[in-house]
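Heads up, the thing below is written out as structure tokens.
The values are calculated or read from the model by the stated rules, or taken from the named source; none is laboratory data. Given the structure is predicted, the values throughout are model-derived calculations rather than measurements. Glycine gets a Cβ as well: all are built from the backbone with ideal geometry, and neighbour counts include every protein chain shown. Note: accessible area is taken over every heavy atom of the protein model, side chains too, but ligands, DNA and RNA are not part of it. Shrake-Rupley method; radii C 1.70, N 1.55, O 1.52, S 1.80 Å.
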Amino acid sequence: MVDSKPQRNLDDSGLAQVRRPGERLKRESVEVGAVWAPPWCRARETAEPATFGPEVREVPAFNSFFGDRGNEPAQTAAARTLLPDWRGRGTLVVVTHQVNISALADQGAASGECVVRRRQGQTLAVVGRIQP
């Protein structure tokens, strides 16, 4: 686990914000089959089992590359391989960073916003957004 002390951690407002997507999925009876997140504390706090249900699996392909853009091509390629290959039950929830979302979805996302994608063959199409 990464040391949380030097990182930007969620305050009470942020914690309330990250619970909203999980609450919405539960209200709409969306079964969450798996949750993936990078080992960053803020992402792990967002992905906690209390929010979405299943235990969080650490997936390094979703680490932020904001501070080292040289990592972007390899990480994005790894994520683009992992995402369409997932075949679990229910919905896969991936918690990641804005730079990763931009690289994967070809569009940005606000802090706390969810980008909803659906498999179409071997690609993933953006089909909606859940606002924070």
Given C-alpha coordinates of the chain, what is the ratio Rg to Rh with the Kirkwood estimate of Rh? 0.93
Non-local residues with an amide H under 5 Å from the amide H of Val32, with H modelled 1.01 Å from N and Pro and chain starts lacking one, are Thr91
I need the peptides 103-110, 122-129, 92-99 ranked by packing, meaning the mean over residues of other C-beta atoms within 10 angstrom, with the highest value on top. 92-99, 103-110, 122-129
For the chain, the per residue accessible area (1.4 Å probe, Å²) is 59
Which order do the peptides 30-42, 78-90 take when ranked by the mean count of other beta-carbon atoms within 10 Å per residue, highest first? 30-42, 78-90
Built amide H within the under 5 Å cut-off of Arg117, gap 5+: Val127
Counting only DSSP beta bridges with both residues in the chain, what percent are antiparallel, rounded to the nearest 5? 50
Using a 1.4 Å probe over the heavy atoms of the protein chains, calculate the carbon and sulfur portion of the accessible area of the chain as a whole percent. 50
Can you tell which of Leu82, Asn100, Gly128 lies farthest toward the positive end of the dipole of the chain, using +1 and -1 charges on the Cβ of basic and acidic side chains (Lys, Arg; Asp, Glu)? Gly128
For the chain, what is the calculated [θ] at 222 nm in deg cm²/dmol (nearest 500), taking -39500 (n - 2.57) for each run of four or more DSSP H residues and dividing by its residue count? -11000 deg cm²/dmol
What nm value, rounded to one decimal, do you get for the distance between Asn71 and Arg19 when each label is placed 7 Å out toward the C-beta? 3.1
